[in-house]
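Undergrad: Handing you a structure now.
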Amino acid sequence: ENLSFVYDGKSKAPLAFYTDVNGARVYPSVTGAATNAGTGYTATVAISDPNYNFSNASVSYEIKKADYDLSGVVWSKDSFVYDGTKKSISATGLPAGISVIGYTGDRGTDAGRYTAEAILSWDERNYNPPSALTHSWEILKADYNMSGVEFRADSFVYDGEMHYPTLL
């Protein structure tokens, strides 16, 4: 029989039992526990009973890689208003065992839409690769205060050329 577990950081081994002549369930000792994800683990059951001869029994088992739960991840900001300075965002709330080692698309100065992606490091032995951690964010155009703009009233005489009012 082939058994499997999912990695959770705790030692794993199959549980074995037999029923004695009185109908009681007896749990013998099992050796061969493992903690890390992997295949080809073998557990051996040795039963000791003064009334019976038992041969040792073995079973193969595996510990499957676990998935990270990224539902608690929060990005620092969704939008900024343009002010001429560099803006950046970051991710927090990562589960234990996973960390950000860098970002792409996380910085910008000009108005526009950006897509940030966190470059992750994780326990590759015991966990499946986490899903891509991306976030769309933007720098909104700022409103320009036109209250200080004045037009000079020029008069033009037609001369066949284009003329434009002057801003002060």
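Undergrad: Specify the residue that is least open to solvent (accessible area, probe 1.4 Å); the eligible residues are those in region 136-165 that are within 21 Å of residue 87 (Cβ to Cβ) and small (Gly, Ala, Ser).
TA: So the residue we want is 142.
Undergrad: Can you name every residue in region 11-21 that is under 35 Å from the mean Cα position of the chain (by Cα) and either among the aromatic types (Phe, Trp, Tyr) or open to solvent by 70 Å² or more (accessible area, probe 1.4 Å) (or both)? Steps first, please.
TA: Step one: of region 11-21, the residues under 35 Å from the mean Cα position of the chain (by Cα) are 11-15.
Matches in region 11-21: 11, 15.
Undergrad: Oh, and also: Just the residues that are free of Cβ contacts under 8 Å to residues at least 40 places away in the same chain, assigned to a strand (DSSP E or B) and surrounded by fewer than 18 Cβ atoms within 10 Å (Cβ to Cβ), please, taken from region 116-135. Can you show your working first?
TA: Residues of region 116-135 that are free of Cβ contacts under 8 Å to residues at least 40 places away in the same chain, as a first pass: 117-121, 123-124, 129, 132, 134.
Checking the rest, the ones that are also assigned to a strand (DSSP E or B) come to 117-121, 134.
Result: 117, 119, 121, 134.
Undergrad: Can you tell me which residue within region 102-112, out of those that are open to solvent by 30 Å² or more (accessible area, probe 1.4 Å) and not in a strand (DSSP E or B), is nearest to residue 134 (Cα to Cα)?
TA: Let us first name the residues in region 102-112 that are open to solvent by 30 Å² or more (accessible area, probe 1.4 Å), namely 103-105, 107, 109-111.
Then drop every residue that is not not in a strand (DSSP E or B), which leaves 105, 109-111.
Numbers: 105: 9, 109: 19, 110: 20, 111: 19 Å.
Among those that are open to solvent by 30 Å² or more (accessible area, probe 1.4 Å) and not in a strand (DSSP E or B), it is 105.
Undergrad: Just checking, which of 103, 61 is modelled with pLDDT under 95 and either under 26 Å from residue 5 (Cβ atoms) or touching a Ser or Thr at 6+ places or on another chain (Cβ under 9 Å) (or both)?
TA: Details: 103 fails: modelled with pLDDT under 95.
Just a single option satisfies the conditions, and that option is 61.
Rundown of residues vs (1) exposed (fewer than 13 other Cβ atoms within 10 Å of the Cβ); (2) part of a strand (DSSP E or B); (3) not aromatic (Phe, Trp, Tyr), yes/no style:
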| position | (1), (2), (3) |
| --- | --- |
| 9 | yes, no, yes |
| 23 | yes, no, yes |
| 44 | no, yes, yes |
| 55 | yes, no, yes |
| 85 | yes, no, yes |
| 100 | no, yes, yes |
| 114 | no, yes, no |
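Undergrad: Something else about it: Taking into account only those residues within region 67-83 that are of a type in the set (Phe, Trp, Tyr) and in a loop (DSSP other than H, G, I, E, B), which is surrounded by the most Cβ atoms within 10 Å (Cβ to Cβ)?
TA: Narrowing region 67-83 to residues of a type in the set (Phe, Trp, Tyr): 68, 75, 80, 82.
After this cut, where a residue has to be in a loop (DSSP other than H, G, I, E, B) as well, the list is 68, 82.
Details: 68: 20, 82: 17.
Filtering first and then ranking leaves 68.
Undergrad: Also, quick follow-up: Could you tell me whether region 25-34 includes any residue that is in contact with a His (Cβ under 6 Å, 6 or more places away or on another chain), open to solvent by less than 50 Å² (accessible area, probe 1.4 Å), of a type outside the set (D, E, K, R) and not in a loop (DSSP other than H, G, I, E, B)? Reasoning before the result, please.
TA: Taking region 25-34 first, the residues in contact with a His (Cβ under 6 Å, 6 or more places away or on another chain) are none.
For region 25-34, residues in contact with a His (Cβ under 6 Å, 6 or more places away or on another chain), open to solvent by less than 50 Å² (accessible area, probe 1.4 Å), of a type outside the set (D, E, K, R) and not in a loop (DSSP other than H, G, I, E, B): absent.
The values are calculated or read from the model by the stated rules, or taken from the named source; none is laboratory data. All figures in this text were calculated on a predicted structure; none of them were measured in a lab. Note: ideal-geometry Cβ built from the backbone for every residue, glycine included; neighbour counts use all protein chains shown. Ligands, DNA and RNA are excluded from the accessible area calculation, which covers all protein heavy atoms including side chains. Shrake-Rupley method; radii C 1.70, N 1.55, O 1.52, S 1.80 Å.
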